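Peer 1: Below: one structure in structure tokens.
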Amino acid sequence: MSTLALGIIGNCSISALVDDKARILWWCLPRPDGDPVFHALLGSNGEPEDGAFAIEVEDYSHSEQHYIENTAILRTRLIATDGSTVEIDDFCPRFFARGRVFRPAQIVRRIRPVSGRPRVRIVLRPRFSWGTARPQITSGSNHVRFVSDGTTLRLSTDAPITYIRDETFFALEREYNLFLGPDETLTERPATIGREFQEETEYYWKRWSLRLGLPLEWQEAVIRAAITLKLCTFEETGAIVAAVTTSIPEAPYSERNWDYRYCWLRDAFFVVRALNALSDLETMENYLTYIRDVIALTRGDHVQPVFGIGLEADLLERTAELPGFLGMGPVRVGNQAHEHHQHDVYGNIVLAAAQAFFDKRLMRQGTMEDFRHLEVIGDRAYMLHNAPDAGIWELRTRARVHTSSSLMCWAALDRLAKIANQLGLSPKHWRARANEVHAKICAEAWNEKAGAFVESFGGEDLDASLLLMAEVGFIDPLDPRFVSTVDRIGEKLRRGNHLYRYHAADDFGRPETAFNVCTFWFIDALGRMDRREEAREIYETMLSCRNHLGLLSEDTDPQTNQLWGNFPQTYSMVGIINGAVRLSRRWDKVI
């Protein structure tokens, strides 16, 4: 089993992680970047059960777990040594009600006996202020309240309150419903609300999945990836988090522990692009509202690469007093990347917004005013295309003119020329700038000795981000320079069927694990070069590295296929979609 045997539940307001024993180990409130009231994923400063919400079967033997097909409802079966079985359905309500999407900050757990005479106990131990504050506990006939400074959680249930408070094993002879969320009373019987919420939530996700435009092959993998990406959105503002966790290390004891619960404009662009390929445009429309707010906030000045999901600019990095994932601290809160200059951000903004000027399906089409705002972003891209920055890999102690940053600056200029033409304006200004930057990259980033484009102007090292050259349209994938670059990257960065980001040492030494999205970029490049069988083989390897629920984290150990890094990683789930879309056989060739 993977080191990250976890499933995600959520409703685009909150998200939680549930392990293969039905323990909720991660849940942040009041939103995905908030205080983890369940933090056991990163250890505890008290007893092991602190910071978790567990449902345990007495004499536990093993478990089975899967999502209800095409939904975000997670079903776990806990099986005792005598065969007695308990079934638990976990979800966060999401469905249409009264003309809007109902998505409360609430987790619903429905538990029922399946066979035998199982005995269970419910262990509910939320903690506050990153595990340092124990709540005051009060209860009534059908609820338990957990009270801390400024926060109150309420469990409403038809299960025995005394057994919950005392963490006592009891015979499970019928179904029980547990609702954990705001300090509000239920308006109906728990059984009625539990059944209604689950039916409506299941219907919502199945209808959402039904509208996806899927490739013929690998459909289950693609649907799970798409739902997971949707769960990483914060619908209220349109932001998209890079992952729902912080500080799961990229490799054991590497201290490459980062907080990914924020919106990187780079990662978010790739998410909306992947979902667009499946005909989910709603996510992009929501994200474009967020992008317009970012542009207004920065007023044509420096744009930082990452913001909080509520547009917070200051994401001051600090450490929390928790042991860390498997005891591998530190646990970081915030991310220093908000201080960085990463010039690819300007291309990511324009690329994300470009479709609004061409797609007639959108509720809000791109306007002339929108174009004028994007032109300001284009001016920054042109000004900075040849300037040193921290680069796509967010190097903390070194600045160079990174080819990938210059590439995305070119992409901004290129798309502005295309948008101008679409609006009936002259594209000459932006086309001339794009051509200038294109020529600069070809001259400065090509290394004749290496026979490849390299990671920085005048440099010698290879970098997997160069594989994006074909994806953003900078170069024909069959251009000998690109083909040679892909081959050199394969020689230097490939380990088996996995790809590293780069081979040179960085602030923490040489990377120890492969970066999943880079492998997917390699797959995409091979597919574009008509090396489809090789690409399909690597793609199948990546699918085999997913955990038991079809999810990927940021990194993979090529030797063991163990998953490492924050989870679930949107970049990696994007790769699953893009690989299937690129490599699948066509519907009309089979049916």
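The values are calculated or read from the model by the stated rules, or taken from the named source; none is laboratory data. All values reported here derive from a predicted model rather than from experimental measurement. Cβ atoms come from the backbone with ideal geometry, glycine included; neighbour counts cover every protein chain shown. These accessible areas exclude ligands, DNA and RNA; they are computed on the full protein's heavy atoms, side chains included. Shrake-Rupley method; radii C 1.70, N 1.55, O 1.52, S 1.80 Å.
Peer 1: If amide H atoms are built 1.01 Å from N in the plane of the peptide, which residues on other chains or at least 5 residues away come under 5 Å of the amide H of ASP389?
Peer 2: Correct list: ARG400, VAL401, HIS402.
Peer 1: Under 20 °C and 1.002 mPa s, how fast does the range 330-434 diffuse according to Stokes-Einstein, given a Kirkwood radius computed over C-alpha pairs? Answer in µm²/s, whole number.
Peer 2: The Stokes-Einstein estimate is 147 µm²/s.
Peer 1: Over all directions, the average projected area of the alpha-carbon convex hull for the range 513-591 comes to how many nm²?
Peer 2: It is 5.5 nm².
Peer 1: How fast does the range 12-59 diffuse by Stokes-Einstein, in µm²/s, taking the Kirkwood radius from C-alpha pairs at 37 °C and 0.692 mPa s?
Peer 2: 295 µm²/s
Peer 1: Over the Cα atoms, compute the radius of gyration (one decimal) and Dmax (the largest Cα-Cα distance, rounded to a whole number) for the range 111-264, in Å.
Peer 2: Answer for the range 111-264, Rg first and Dmax second: 19.8, 54 Å.
Peer 1: Mind checking the full-extension length gain between ARG98 and VAL123? Use 0.36 nm per residue of separation minus the Cα-Cα distance, one decimal, nm.
Peer 2: 5.5 nm
Peer 1: Now for a different question. Once the principal axes of the Cα atoms of the range 281-322 are found, what is the range along each, listed largest first in whole angstroms?
Peer 2: Here the spans come out as 40, 27, 13 Å, largest first.
Peer 1: When the expected Rg is taken as 2.2 N^0.38 Å, what fraction or multiple of it is the alpha-carbon Rg of the range 353-500?
Peer 2: That ratio works out to 1.14.
Peer 1: Turning to a different aspect of this structure: For the range 97-251, what % of the accessible area comes from carbon and sulfur atoms, probe 1.4 Å?
Peer 2: Accessible surface attributable to carbon and sulfur in the range 97-251 totals 43 percent.
Peer 1: What's the center-to-center distance, using Cα atoms, between the range 548-591 and the range 423-464 in Å?
Peer 2: 29 Å
Peer 1: In addition: Check which residues have an amide H placed less than 5 Å from VAL331's amide H, if you skip close sequence neighbours.
Peer 2: ALA320, LEU322
Peer 1: Can I get the semi-axes of the range 176-250's equivalent ellipsoid? Compute them from the C-alpha gyration tensor as square roots of 5 times the eigenvalues, in angstrom, largest first.
Peer 2: Output for the range 176-250: semi-axes of 28, 21, 12 Å.
Peer 1: What's the magnitude of the charge dipole for the chain around its Cα centre, counting Lys and Arg as +1 and Asp and Glu as -1 at the beta-carbon? Answer in Debye, nearest 20.
Peer 2: Roughly 1200 debye for the chain.
Peer 1: Along the charge dipole of the chain, Cβ charges K/R +1 and D/E -1, which of VAL483, TYR67, TRP430 sits furthest on the positive end?
Peer 2: TRP430
Peer 1: Treat the range 310-381 as a sphere of radius equal to its Kirkwood radius over Cα pairs and apply Stokes-Einstein at 4 °C in a medium of 1.567 mPa s; give the translational diffusion coefficient in µm²/s, rounded to a whole number.
Peer 2: 84 µm²/s
Peer 1: How many angstrom lie between the Cα centre of the range 59-75 and the Cα centre of the range 136-210?
Peer 2: 19 Å
Peer 1: What does the net charge come to around VAL147 if you take all other residues with beta carbon closer than 13 Å to its beta carbon, with K and R at +1 and D and E at -1?
Peer 2: +2
Peer 1: Counting only Cα, what are the radius of gyration and maximum Cα-Cα distance Dmax of the range 69-165, in Å?
Peer 2: According to the Cα coordinates of the range 69-165, Rg and Dmax are 16.3, 48 Å.
Peer 1: Can you classify the range 197-323 as rounded, prolate or oblate using the Cα gyration tensor, where a ≥ b ≥ c are the square roots of its eigenvalues, rounded means a/c under 1.5, and otherwise it's prolate if a/b beats b/c and oblate if not?
Peer 2: oblate
Peer 1: Separate question: For the chain, what is the accessible area per residue in Å² when the probe is 1.4 Å?
Peer 2: 38 Å²
Peer 1: Quick one: if the Förster radius is 35 Å, what FRET efficiency do LYS589 and ARG364 give, using the C-beta to C-beta distance and rounding to 0.05?
Peer 2: Efficiency computed from Cβ-Cβ geometry: 0.45.
Peer 1: What are the ³J(HN,Hα) values, in whole Hz, obtained from phi via the Karplus relation 6.51 cos²θ - 1.76 cosθ + 1.60 with θ = phi - 60°, for each residue of the range 482-490 in sequence order, with x given for Gly and Pro?
Peer 2: Values, residue by residue: 6, 4, 5, 5, 4, 5, 5, 4, x Hz.
Peer 1: I've got another one for you. Which whole-Hz ³J(HN,Hα) couplings does the range 421-438 yield from phi under the Karplus relation 6.51 cos²θ - 1.76 cosθ + 1.60, θ = phi - 60°, glycine and proline marked x?
Peer 2: 4, 5, 7, x, 9, 6, x, 4, 4, 6, 5, 5, 5, 4, 5, 5, 5, 4
Peer 1: Step through the residues of the range 273-284 one at a time and calculate ³J(HN,Hα) from phi using the Karplus curve (6.51 cos²θ - 1.76 cosθ + 1.60, θ = phi - 60°), rounding each to whole Hz and writing x for Gly and Pro.
Peer 2: 5, 5, 5, 4, 5, 9, 6, 8, 9, 4, 4, 5
Peer 1: So how many Lys-Lys pairs in the range 359-451 land under 22 Å Cα to Cα, not counting same-chain pairs under 8 apart?
Peer 2: Close lysine pairs under the 22 Å cut-off: 5.
Peer 1: Can you give the log10 of the normalised intensity I(q)/I(0) at q = 0.21, 0.22 Å⁻¹, computed with Debye over equal Cα scatterers of the range 1-128?
Peer 2: Per q value, in the given order, log10 I(q)/I(0) is -1.25, -1.32.
Peer 1: Here's a follow-up. Checking the a/c ratio against 1.5 first, then a/b against b/c, what shape does the Cα gyration tensor give for the range 194-237?
Peer 2: It comes out oblate by the Cα gyration axes.
Peer 1: How would the range 440-591 be classified by its alpha-carbon gyration tensor: rounded, prolate or oblate, with rounded meaning a/c under 1.5 and the a/b versus b/c comparison settling the rest?
Peer 2: It is oblate, given that a/c is not under 1.5 and a/b is not larger than b/c.
Peer 1: For the range 372-443, just run the numbers: alpha carbon Rg, then divide by 2.2 N^0.38 Å, N being how many residues it has.
Peer 2: After normalising by residue count via 2.2 N^0.38 Å, the value is 1.16.
Peer 1: What is the calculated FRET efficiency for GLU321 to TYR253, with r their C-beta to C-beta distance and R₀ = 22 Å, to the nearest 0.05?
Peer 2: Once the sixth-power term is evaluated, E becomes 0.75.
Peer 1: Among DSSP beta bridges whose residues both lie in the chain, state the antiparallel percentage, nearest 5.
Peer 2: Percentage antiparallel, nearest 5: 100.
Peer 1: Here's another thing I want to ask about it. Taking the alpha-carbon set of the chain, what are its Rg and Dmax in Å?
Peer 2: 24.4, 77
Peer 1: Another one. Return the Rg/Rh ratio of the range 404-444 with Cα-based radii and a Kirkwood Rh.
Peer 2: Looking at the range 404-444, the ratio lands at 1.03.
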